[in-house]
Amino acid sequence: MQLFENQGSKDTRSGFGAGLAELGRTNSNVVALCADLVGSLKMNEFISENPDRFFQVGIAEANMMGIAAGLTIGGKIPFTGTFANFSTGRVYDQIRQSIAYSCKNVKICASHAGLTLGEDGATHQILEDIGLMKMLPGMTVINTCDYNQTKAATISIANYNGPVYLRFGRPVVPNFTPINQNFIVGEGLLLKKGNDVTIVSTGHLVWESILAMQELEKLSISCELINIHTIKPLDKKLILSSILKTGCIVTAEEHNFLGGLGESVSRVISTNHPVPQEFVATKDTFGESGTPFELMIKYGLDKKAIINAVKKVISRK
């Protein structure tokens, strides 16, 4: 069981930048590519220390994926960087054909995911990227929750053979996971044991789930909280062992309820041990312009939505 304590707030994209910089010092095969968003992806430190291992491709994301695929043939480990919308939807054909199909060792690193991109609005937000990427055979999908976890994940995936989609965000959020954590791809984290309901969260919704859990405990509702940072491959064993005890589950994610974490969990429980499930996610909609805080509330991605989902799922047991 992991303890959690708010260590202050940082943006997860800075965790990616810190992890990439550390890789630049420790792994000579790591190279970085960016589609004209170096500052947004926090790649400056890596670039300043390793100018010969960085490729600025400009606003040509499809070309970036092709170049990254080619670099793997020479033994390089390319990390691509741009917004999640441009990392997936804009270049899906190139990822499918040049990276996933041939199982190239490319790390697709995507910032500004979900609604919390904020004021840039629906054209830049993406709420379907997890679904797009998890359906690609052989693609690993990771969605981190805070600065520390994003840094650890970035470092870890350099030693993980095969294509990886690493999803993180723009806003400053609480930083609460251990500083020197051992990030293991595919291994969920049990944050707290409980008996009445299982809450499985990913990304920014992990902290909201912690806040919800604290409120629910005041109502004598015992929550088991799991942080699922790897959506594919999913930690089925951890989820099943939890629902066998609690008898119901809530999934929480900053993504469309179609195609995201919730649907992956549904497949696991429906084919192994069916129990009531409630989804905290966007309801098959595009986003809009607004502050991250406003959007999380409006689209039902906050602690209040999780509390309501927990009460509802318990009533269905």
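The values are calculated or read from the model by the stated rules, or taken from the named source; none is laboratory data. Remember, predicted model here, so these are calculated numbers, not experimental data. Neighbour counts run over all protein chains shown; Cβ positions are idealised from the backbone, glycine included.
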Next item on the list: At least 3 residues that are β-branched (Val, Ile, Thr), more than 24 Å from residue 137 (Cβ to Cβ) and more than 13 Å from the chain's Cα centre (by Cα) in each: list the strands (runs of 3 or more DSSP E) lying fully within region 147-252 that qualify.
Entry: 197-201
Margin query: Any residue that is closer than 22 Å to residue 116 by Cα, in contact (Cβ under 8 Å) with a residue 60 or more places away in the chain and buried (at least 16 other Cβ atoms within 10 Å of the Cβ) - is there at least one of those in region 190-198?
Written below: no
Next item on the list: Return the only residue of 81, 75, 17 being in the same structural domain as residue 121 (by TED's automatic domain parsing), of a type outside the set (D, E, K, R) and part of a helix (DSSP H, G or I).
Entry: 17
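Conditions tested, residue by residue: (1) part of a strand (DSSP E or B); (2) of a type in the set (S, T, N, Q); (3) over 24 Å from the mean Cα position of the chain (by Cα).
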site: 24; (1), (2), (3): no, no, no
site: 32; (1), (2), (3): yes, no, no
site: 39; (1), (2), (3): no, no, no
site: 48; (1), (2), (3): no, yes, yes
site: 55; (1), (2), (3): yes, no, yes
site: 58; (1), (2), (3): no, no, yes
Notebook entry, point to check: Is there a residue in region 128-144 that is under 22 Å from residue 9 (Cα atoms), within 14 Å of the chain's Cα centre (by Cα) and among the basic types (Lys, Arg)?
Noted result: no
Next item on the list: Considering each of 141, 172, 197, 206 in turn, give the residue that is at pLDDT 95 or above and within 23 Å of residue 80 (Cα to Cα).
Entry: 141
Note to self: Condition check: free of Cβ contacts under 8 Å to residues at least 40 places away in the same chain, of a type in the set (Val, Ile, Thr) and touching a helix residue (DSSP H, G or I) at 6+ places or on another chain (Cβ under 8 Å). Does residue 59 satisfy that?
What the structure shows: no
Next item on the list: Working only within region 36-55, note down all residues that are among the polar types (S, T, N, Q) and exposed (fewer than 15 other Cβ atoms within 10 Å of the Cβ).
Entry: 44, 48
Check: Mind checking which residues of region 253-274 are closer than 20 Å to residue 184 by Cβ and either buried (at least 22 other Cβ atoms within 10 Å of the Cβ) or over 22 Å from the mean Cα position of the chain (by Cα) (or both)?
Finding: 261, 264, 265
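Residues are listed down the side, and each one gets a yes or a no for (1) within 11 Å of residue 252 (Cβ to Cβ); (2) at pLDDT 95 or above; (3) assigned to a loop (DSSP other than H, G, I, E, B):
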position: 269; (1), (2), (3): no, yes, no
position: 275; (1), (2), (3): no, yes, yes
position: 279; (1), (2), (3): yes, yes, no
position: 285; (1), (2), (3): no, yes, yes
position: 297; (1), (2), (3): no, yes, no
position: 301; (1), (2), (3): yes, yes, yes
position: 306; (1), (2), (3): yes, yes, no
position: 311; (1), (2), (3): no, yes, no
position: 317; (1), (2), (3): no, no, yes
Notebook entry, point to check: Is at least one residue of region 217-234 of a type in the set (D, E, K, R), without any contact (Cβ under 8 Å) to a residue 60 or more places away in the chain and crowded, with 16+ Cβ neighbours inside 10 Å?
Noted result: yes
Item checked: Filtered residues of region 29-49 (kept if touching a residue at least 12 places away in the same chain (Cβ under 8 Å) and among the polar types (S, T, N, Q)) -> 29, 40, 44
Notebook entry, point to check: Which one of these is within 30 Å of residue 224 (Cα to Cα), modelled with pLDDT of 95 or more and not charged (D, E, K, R): 12, 80, 26, 72?
Noted result: 12
Next item on the list: Being part of a loop (DSSP other than H, G, I, E, B) and assigned by TED's automatic domain parsing to the domain that holds residue 90 narrows it down to one of 131, 138, so name that one.
Entry: 138
